[in-house]
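Quick notes on the structure that follows.
Here, each number is a calculation from the coordinates, and none is a lab measurement. Just so you know, these numbers come straight off a predicted model, no measurement behind them. Heads up, the Cβs are rebuilt from the backbone with ideal geometry, glycines too, and the neighbour counts pull from every protein chain shown.
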Amino acid sequence: MSAGGIAAIIAASALLVIALALAYAVIRLGRAIDEVGTAVKEITSETTPLLNEVTTTVELVNGPLQSINKVTRSMEELSTKISESTSSFLDKNQIAMKAAGA
């Protein structure tokens, strides 16, 4: 066997080792991708009910918040009317102004 033949056998063996290493890496990558797909399916199946619960909770909270908003608006209107009435009374009544200390 000549030196060229031995070099060819070594080169072929090296290529075989490289091909086997690449095949192993591709198989491992395929398994990893399968595991990621499975994890995504599990996460999706777990998060869908959670999102439904969050939606329900937000809807239940929005009802009382609208009522609180109405009460706040009513209190604001009442406060404005009381302030206007008080300032109108104090403007018209000088004795009340002196008693109020202004």
TODO: Take the range 3-100, compute every pairwise Cα distance, and split them into 5 Å bins from 0; I just need the percent in each bin.
DONE: 2, 9, 6, 7, 6, 5, 6, 5, 5, 5, 5, 5, 4, 4, 4, 4, 3, 3, 3, 2, 2, 2, 1, 1, 0
- [ ] Tabulate in residue order the Karplus-calculated ³J(HN,Hα) for the range 4-16, using 6.51 cos²θ - 1.76 cosθ + 1.60 with θ = phi - 60°, rounded to whole Hz; enter x for Gly and Pro.
- [x] x, x, 5, 5, 5, 5, 5, 5, 5, 5, 5, 5, 5
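Before rounding to the nearest 500, sum -39500 (n - 2.57) across all DSSP H runs of length at least 4 in the chain and divide by the residue total; then give [θ] at 222 nm in deg cm²/dmol. Walk me through the intermediate numbers first.
Values: 2 runs with 97 residues, N = 102.
About -35500 deg cm²/dmol.
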- [ ] State to the nearest 20 debye the size of the charge dipole of the chain about its Cα centre, where the only charges are +1 on K and R beta carbons and -1 on D and E beta carbons.
- [x] 260
